[in-house]
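Worksheet: the structure to be examined is printed underneath.
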Amino acid sequence: MEDEGARTADESRFNRSLAPLAAHLAALGAPRPAYKPYSPKRFEDQARVLLDANVPAFSFIFGIPAREILDECRAKGIVTIGTATTPDEAAALQDAGVDAIAASGFEAGGHRGSFLRPAEDSLTGTLSLVPQAVDVVDAPVIAAGGIGDARGVIAALALGAQGVQMGTVFLACEESGASRLHREALRRRNAGHTALTKGFTGRLARGIHNRVMEKLNRNGAEILPYPLQRELVRNLATAAEAAGRADLVPMWAGQSANLSTCTDVSAFLTSLVEEVSEIAGPIIQWSAARREQSCSSHRSQQR
């Protein structure tokens with residue numbers, strides 16, 4: 001689904017948006033991209049691929065799919081997971097009959113999935129968003145955004161979430177689909193310096209702060225609507241990857257990127273489960289003792 005203006009953006013606007021990138025493309029020996037009229041892709045066609053494949057789960061952002069799509073998911077037993085960045089969005093997803101809701105705080109890497117209000121007006125942190133979402137919906141809430149280790153998992157569960165969604169920590173692993181430059185950048189201590197930008201795709205998203213982000217975030221920079229800006233920046237990203245220029249590659253990352261120290265998925269998951277159990281054990285015992293103490297006090301008062 002494109003943003004407003006994508007179908008009317010002309011060659012003049014394309015050239016203005018290309019201007020901040022042109023010198024870098026030339027320095028890398030990459031060809032100057034040529035303007036092409038936008039050719040839209042239908043979300044319904046993309047969803048049809050998933051439905052025909054009978055995938056076990058369908059997770060989406062940027063709004064609520066058509067009722068017909070959600071109805072077919074239910075009929076086929078496909079679990080639907082919608083993304084909310086505000087409590088109001090969580091309520092709207094529940095009203096649509098979504099099976100689970102990912103409450104995504106502004107700490108998360110990648111795009112902000114806001115759809116009821118502009119993304120800039122929907123920057124709620126995970127610590128605030130999760131309990132509010134839990135209070136307004138009956139569907140399971142999945143905490144997302146800034147969760148990078150066992151401490152984050154425990155905190156999310158304490159806030160009422162029934163699960164967590166972790167992204168950036170897995171990008172650093174060798175098995176991820178992230179490029180070598182991206183994986184290496186996440187393992188450096190300065191990976192935690194992230195920022196929000198529209199410059200990479202045309203939609204507000206969080207990534208590692210680097211030279212190209214700084215240039216595209218400057219006042220006056222012309223940013224094309226999504227997905228036109230994404231296609232434009234991809235020309236630079238491809239050339240910069242080949243040249244090993246991490247400073248010119250858009251790299252998604254959440255605010256807990258400095259916790260991305262594991263390089264092996266299996267080892268990370270094993271360690272995560274062990275650490276969650278180690279932390280949760282005393283908490284569960286403490287909670288049980290408190291409940292027993294409360295019950296004993298209540299029984300004493302009844303006598």
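Tally up the residues in the range 66-90 that are closer than 23 Å to Arg117 by Cβ and surrounded by fewer than 19 Cβ atoms within 10 Å (Cβ to Cβ), please.
3
Filtering the range 183-214 to residues that are open to solvent by 20 Å² or more (accessible area, probe 1.4 Å) and in a helix (DSSP H, G or I) leaves Arg183, Glu184, Arg187, Arg189, Asn190, Gly192, Arg211, Glu214. Take the conditions assigned to a loop (DSSP other than H, G, I, E, B), open to solvent by 50 Å² or more (accessible area, probe 1.4 Å) and within 20 Å of Ser59 (Cα to Cα) and apply them to Gly146. Does it pass? No, not satisfied. The single condition among (1) of a type in the set (S, T, N, Q); (2) without any contact (Cβ under 8 Å) to a residue 40 or more places away in the chain; (3) outside any helix (DSSP H, G or I) that Ser266 does not satisfy is (3).
Filtering the range 76-125 down to residues that are acidic (Asp, Glu) and free of Cβ contacts under 8 Å to residues at least 60 places away in the same chain, which residue is nearest to Ala253 (Cα to Cα)? Restricting to residues being acidic (Asp, Glu) and free of Cβ contacts under 8 Å to residues at least 60 places away in the same chain, the top hit is Asp121. Please verify whether Leu50 is out of contact with any Leu (no Cβ under 8 Å at 6 or more places or on another chain), open to solvent by less than 50 Å² (accessible area, probe 1.4 Å) and not in a strand (DSSP E or B), treating the condition exactly as stated. No.
Residues of the range 91-136 that are open to solvent by 40 Å² or more (accessible area, probe 1.4 Å), hydrophobic (A, V, I, L, M, F, W, C) and farther than 21 Å from Ser260 by Cα: Phe115, Leu116, Leu123, Val134, Val136.
Selection of the range 217-231 for residues being crowded, with 21+ Cβ neighbours inside 10 Å and among the hydrophobic types (A, V, I, L, M, F, W, C) yields Ile223, Leu224, Leu228.
Kindly establish whether Leu159 is more than 23 Å from Ala253 (Cα to Cα) and open to solvent by less than 10 Å² (accessible area, probe 1.4 Å). The answer is no for Leu159.
The values are calculated or read from the model by the stated rules, or taken from the named source; none is laboratory data. These figures come from a predicted structure and were not determined experimentally. FYI the Cβ positions are ideal-geometry reconstructions off the backbone, even for glycines, and counts take in every protein chain you see. Quick note on the areas: whole protein, heavy atoms, side chains included, nothing else; ligands and nucleic acids left out. Shrake-Rupley method; radii C 1.70, N 1.55, O 1.52, S 1.80 Å.
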